[in-house]
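Bear in mind these aren't lab numbers, they're just calculated from the coordinates by the rules spelled out. From a predicted model like this one, the values you see are computed outputs, not experimental measurements. With ideal geometry, Cβ positions are generated from the backbone for all residues, glycine too; neighbour counts draw on all protein chains shown.
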Amino acid sequence: MSEQLKENALSPAADAGAERRTFEREVLGELIYLHAGVLKRMPWVQLLLATGVVLLAYGSVPIAWWCTWGLLTVAAECLRAHHAGNILKQDQLGNPEATHRLLIALAAGVGATVGLSALLFMPYMPLPNRALLMVILTAMPAAGVSVAVSSRQILAAYALLILVPAGLSWALLYPEHVLTAAGLTALYWWFIISVAGDGEQLLRRSVAIRRERDRMLSDLERRNAEVRVAVAKAEQSSQARARVLAAASHDLRQPLHALSVYSAVLVANPAADSLPEVARNIDRLVRNLGGLLHGLLDLSRLSADQYVPDRQRISLDRLAAEVCNEYEAQAHEKQLRLLRRLEHVRLLDDAVAIGRILRNLLDNAIKYTDSGEVTVATYLSGDAAVLVVEDTGKGIPPDEQSRIFEEFYQLDNPGRDHGRGVGLGLAIVQRLCELIGAEIALTSRPGIGSQFRLAFHSVAVDAAHRPAQAIPNSVHLLGKRVYIVDDEADILRAMRALLNSWGMEVETALSSPQANGLFGQTGSPDLLIVDLRLGDGEHGVSMANRLRRAHGDFPVLVVTGETGPEAVRLVNAAGYPMLQKPIIADVLHTAVCSALAA
Ligand code: ADP
């Protein structure tokens, strides 16, 4: 058997041994405290006893003898009581075994002083007094049973040193009783020790019951604490949900109201020169609405643990450089310097999640900085890879620094102007960090700037890594043929208008049979945009797969209003890019370009 196996095989027995030793020490400790408690009162009892014995000896025994004896026996008992007082002052006994040994020795000493009375006084006493002294001396060990509080050793020492001198004195005075005296003394000694043994069992049982009760109590307390934490969490999350719902319904109602006003304006046939402004406003409102809905959907998906991180070998510095490029124009517009301090760091992590985190942080850094610079840095620090987004912006007051990670929590936006964000970015960042196991830390000083620092513990040691795919900046869309399959006629009309405005040739189908007819008549397109759930039962993904098998490869873009994990899994499994409705025109444009470039 290997050492490890031996250790494992022995450990339960070792545990049981340790547990038994702890129990024994606890029983001993309990016994010592109880015994010490009784000893505190013993000098008075001993004084009474000594007085009784002295009265018996008075007249027949030399005065010096009983005086000395009386003082000796009371002094011995006082010494024991003093030691007991010291024990009771201690909260915990350092070495209960040693204390117990000392108490046995003290019991023996006191017993010896009591027993001495038989040897000293009996030869001088008349028979009735001798008999009475024997009665007192044999009664003492019986009383000692309760004083010794179940310690057989203490009782044995005490009783032995009383009974042996008493028996011996009697035997010396009456040699014909020697055997009876010896036998009775031994029997009596054994009997009182066995009575003390029963007491010891009782004590053990009560200690065991107390231990069990304490264990159950602490178990109960632990569970109570767990329940309290769970209840507090549930309350917190229900409060957070109510807050999100209230904020979301407010934030959704405002732009919808504005949109209904603009649609009334359009229905009323306004002057042609006011149309561009109405269109711009509608576009802005729709973008805001789309942004809000996306944020909410993201958050609900991330909170419902429907996001499974996709860990790949990625270059953090390259990813950061790409995201910085996306924000260069935005920074430039505000005359901010966008600095990159990117050391080479490779991770085994989710590029999409890290990209979204960085976009949110960078977007905020630029948004909340009026002058100076925004810096993005990547470097290794110990075992962790670090990504820092730092700005010289307005900063965040210390008491707001934890609250800004709550949903819809914004500073300085009491009117909830959506042009200044919706307050979901950092909530999403925090949730994503939790999901991929990254730590986020914020340092900020109002008027000086903010620093968001992310630590990833997924540094890749392997040199090989998959290069990140570049997203095409622009692809020629003019004249490209795109088929759109969706069971909503309104969506088909709107999409046709939008894609036509980009110069694309658009064919639409409301159902699978219509799509089949389209492919039969005009062959395969440059791009198929298909809704995931089609009214006639066939799934968008399976339809795309079927048509690709029948008509050859062509790029596919799936759009869906579904938010459940099933839909995401299905589309991911097929390997098609997916867009969530409502789709903002820019996002659709980028997705169409990417699909065509691929
Ligand atoms: P949003 O930016 O859409 O308002 P966020 O959740 O991203 O929502 O941020 C919440 C709030 O935190 C913001 O309203 C802003 O007040 C504050 N904040 C976030 N990042 C910064 C930053 N870099 N500098 C100053 N304030 C910030």
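Here are the numbers:
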| read-out | value |
| --- | --- |
| Under 12 Å from the Trp502 label point (7 Å along Cα→beta-carbon), backbone N, the stretch 560-596 | 584-596 |
| Kirkwood Rh (inverse of mean 1/r, distinct Cα pairs), the stretch 347-445, angstrom | 14.4 |
| Rg followed by Dmax, in Å, when the stretch 354-410 is reduced to its Cα trace | 12.8, 35 |
| Long-range HN-HN contacts of Val61 with modeled amide H, under 5 Å | none |
| Structure-based [θ]222 nm, the chain - -39500 (n - 2.57) summed over DSSP H runs of at least 4, per residue, nearest 500 | -22000 deg cm²/dmol |
| Binned Cα-Cα distances of the stretch 120-230, short to long, each 10 Å bin given as a whole percent | 13, 30, 20, 12, 9, 7, 5, 2, 0 |
| Hydrodynamic radius of the stretch 477-598 per Kirkwood, over alpha carbon pairs, in Å | 14.2 |
| Viscosity 1.002 mPa s, temperature 20 °C, Stokes-Einstein D of the stretch 49-151 from Kirkwood C-alpha radius, µm²/s | 143 |
| Kirkwood-Stokes translational diffusion coefficient of the chain, alpha-carbon pairs, 25 °C, 0.890 mPa s, µm²/s | 74 |
| Fully extended contour minus Cα-Cα distance, from Ala272 to Ala186, at 0.36 nm per residue | 18.4 nm |
| FRET efficiency, Asp399 to Asn86 (Cβ-Cβ, R0 56 Å, nearest 0.05) | 0.55 |
| All-pairs alpha carbon distance profile, the stretch 210-366, 10 Å steps from 0, percent | 8, 19, 22, 23, 15, 8, 3, 1, 0 |
| Of Val207, Leu347, Ala427, farthest towards positive along the dipole that unit charges on Lys, Arg, Asp, Glu beta carbons give the chain | Val207 |
| C-alpha long axis of helix 127-148 to longest principal axis of the chain, angle in ° | 10 |
| Dipole magnitude of the stretch 180-334, debye to nearest 20 (Cβ charges: Lys/Arg +1, Asp/Glu -1, about Cα centre) | 720 |
| Separation in nanometres of the label points that stand 7 Å from Cα toward Cβ, at Tyr58 and Leu256 | 10.7 |
| ³J(HN,Hα) computed for each position of the stretch 67-72 - Karplus, 6.51 cos²θ - 1.76 cosθ + 1.60, integer Hz, glycine/proline x | 4, 4, 4, x, 5, 4 |
| Share of pairwise Cα separations in the stretch 296-404, more than 25 Å, in percent | 30 |
| Mean Cα-pair separation over length for the stretch 1-159, i.e. relative contact order, pairs under 8 Å, 6 or more apart, % | 30 |
| Dipole magnitude of the chain about its Cα centre (Cβ charges: Lys, Arg +1; Asp, Glu -1), debye to nearest 20 | 1780 |
| Cα centroid of the stretch 69-95 to Cα centroid of the stretch 321-339, whole Å | 84 |
| Positive dipole terminus of the chain, leading residue within Ala143, Leu133, Ala331 (C-beta point charges) | Leu133 |
| Under the Karplus curve 6.51 cos²θ - 1.76 cosθ + 1.60, θ = phi - 60°, whole-Hz ³J(HN,Hα) for the stretch 495-504, x wherever Gly or Pro sits | 5, 4, 4, 5, 5, 4, 5, 8, x, 8 |
